[in-house]
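Inspection log for the structure reproduced underneath, given as structure tokens.
The values are calculated or read from the model by the stated rules, or taken from the named source; none is laboratory data. None of the values given here were measured: they were computed from a predicted structure. Neighbour counts are summed over all protein chains in view; Cβ atoms, including those assigned to glycine, are modelled from backbone coordinates with ideal geometry. Note: accessible area is taken over every heavy atom of the protein model, side chains too, but ligands, DNA and RNA are not part of it. Shrake-Rupley method; radii C 1.70, N 1.55, O 1.52, S 1.80 Å.
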Amino acid sequence: MKSVNGYQLVQQFEVLFPKHLAEEGDPNGLQIGTLSNQVNKALIALDVTKEVVEEAISIGANLIIAHHPIIYRPLKKIVTDGEAGKIIELCIKHDIAVFAAHTNVDIAEVGVSDFLAEALQLENTRVLAPTYVEKLVKLVVFVPKSHAEVVRNTICEAGAGHIGNYSHCTFNAEGTGTFLPLADTKPFIGQQGQLEQVEEVRIETIVPESILKKVMKAMLNAHPYEEVAYDTIPLLNEGKTFGIGRIGTLKEECTLEEFAHYVKEKLDLKGVRVVGKLGDKIKKVAIVGGDGNKFAFHAKRHGADVYVSGDIYYHVAQDWKMENLNIVDAGHNIEKVMKDGVKKLLDKKLIENNLKCEIVASKINTDPFVFI
């Protein structure tokens, strides 16, 4: 297996959690150090605290990938007498890079909300609050009949040709291609100065705009021609929908009180705050990791029996209680599920690409709240 540097590891990470999905102004990316160094071990963390950095030092990790940016607002100064400054100083002294990935990990096709929904064993989940719809492009390429299968399989393996739950979707039509190789050409078929007629296949498929460059590169590498004839056509068709939160159903109906205890157990919590009538029946569940105040509307609109999130404001709770929306405030720290979730996905991605780096989920509890 091939060793990786920080850039190569982040490249694999962003295949899973594309940076273009992040909300505008979100402070994602490298925040401390460099990505140029080889990374043999990386630590996945929710927050970057002094204890987390010390954990990275103790296990020999030189890259921390954190969900919550350590530098959320622009810094005017770094004072190493202060706690924030000490954390940055500690990272620099031990050559530990810190990379932040915030709302793109929330919004990704498989992200924080999916990890939470899985923990609660929700079924038939879908996006709660859409934020981004993938743009689609039709790719049309003309290939000699002898190489049609190779090129077709190559572009599909690169990510083209997905329609719903179907992959490798293409349309193929045979025809005759003509071309005349001019001076300074090295034609795969034919000779300079002689008009050629070749049996070719027109291959059409759909490509998400975000991976078009990757698919094009794969296509050009697989195509035998010196000059490849192809078209890329923007489509009005909508691709996958990405967004904040998920909504799904429980396997079995229960009361709000029973559900609150269920959330405590499944998310390993000391306590939760509940809004609503404890005897209400719960089946349809909406969930958002972190601060979910502004997404309660979506839970109500989708007909959720209960909304699970964190940091619910007093007056927000009052307002939604009047609207008969039950709420379980499980705290912002429920996003800790991302540590194991990201580790599993990144481990799999590295194995698929024959890359070597040990990924470790932080064991540090960074929840600032204690239940008495």
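Key figures
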quantity: So T80, is it open to solvent by 10 Å² or more (accessible area, probe 1.4 Å) and at pLDDT 95 or above; calculated: no
quantity: Any pair with Cβ under 9 angstrom, 6 or more apart, that starts in the stretch 113-135 at a residue that is at positive phi and ends at one that is basic (K, R); calculated: Q121/K251; Q121/K266
quantity: Meets criteria (open to solvent by 30 Å² or more (accessible area, probe 1.4 Å) and not acidic (D, E)) for V328; calculated: no
quantity: Subset of the stretch 1-59 [touching a helix residue (DSSP H, G or I) at 6+ places or on another chain (Cβ under 9 Å), under 14 Å from I96 (Cα atoms) and open to solvent by 50 Å² or more (accessible area, probe 1.4 Å)]; calculated: L30, G33, T34, S36, N37, Q38, K50, E54, I57
quantity: Out of P69, P130, P74, sole residue that is of a type outside the set (K, R) and in contact with a Pro (Cβ under 8 Å, 6 or more places away or on another chain); calculated: P69
quantity: Members of the stretch 212-224 that are open to solvent by less than 90 Å² (accessible area, probe 1.4 Å) and touching a helix residue (DSSP H, G or I) at 6+ places or on another chain (Cβ under 9 Å); calculated: V215, M216, A218, M219, A222, H223, P224
quantity: Which numbered condition E253 misses (of (1) open to solvent by 50 Å² or more (accessible area, probe 1.4 Å); (2) assigned to a strand (DSSP E or B); (3) without any contact (Cβ under 8 Å) to a residue 40 or more places away in the chain; (4) over 29 Å from V110 (Cα atoms)); calculated: (4)
quantity: Selection from the stretch 167-211 of residues that are open to solvent by 80 Å² or more (accessible area, probe 1.4 Å), in a loop (DSSP other than H, G, I, E, B) and within 30 Å of L236 (Cβ to Cβ); calculated: H168
quantity: Positions within the stretch 100-136 being assigned to a strand (DSSP E or B), of a type outside the set (D, E, K, R) and open to solvent by 10 Å² or more (accessible area, probe 1.4 Å), in sequence order; calculated: N124, T125, V127, P130, T131, Y132, V133, L136
quantity: In the stretch 256-274, the residues that are open to solvent by 20 Å² or more (accessible area, probe 1.4 Å) and either assigned to a loop (DSSP other than H, G, I, E, B) or acidic (D, E) (or both); calculated: E257, E258, E265, D268, L269, K270, V272
quantity: Positions within the stretch 353-372 being closer than 14 Å to Q11 by Cα, open to solvent by less than 40 Å² (accessible area, probe 1.4 Å) and in a loop (DSSP other than H, G, I, E, B), in sequence order; calculated: C357
quantity: Filtered residues of the stretch 149-162 (kept if within 21 Å of the chain's Cα centre (by Cα) and open to solvent by 90 Å² or more (accessible area, probe 1.4 Å)); calculated: E157, H162
quantity: Wholly enclosed strands (runs of 3 or more DSSP E) of the stretch 19-66 bearing at least 3 residues touching a Phe, Trp or Tyr at 6+ places or on another chain (Cβ under 8 Å); calculated: 29-32, 63-66
quantity: Count of the stretch 220-244 residues which are of a type outside the set (S, T, Y) and assigned to a loop (DSSP other than H, G, I, E, B); calculated: 6
quantity: Failed item in (1) surrounded by fewer than 18 Cβ atoms within 10 Å (Cβ to Cβ); (2) without any contact (Cβ under 8 Å) to a residue 24 or more places away in the chain, with Y307 passing the rest; calculated: (1)
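Residues are listed down the side, and each one gets a yes or a no for (1) out of contact with any Asp or Glu (no Cβ under 6 Å at 6 or more places or on another chain); (2) more than 20 Å from I59 (Cβ to Cβ):
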position	(1), (2)
Y313	yes, yes
D319	yes, yes
D329	yes, yes
H332	no, yes
K344	yes, no
D347	yes, no
N353	yes, yes
E358	yes, no
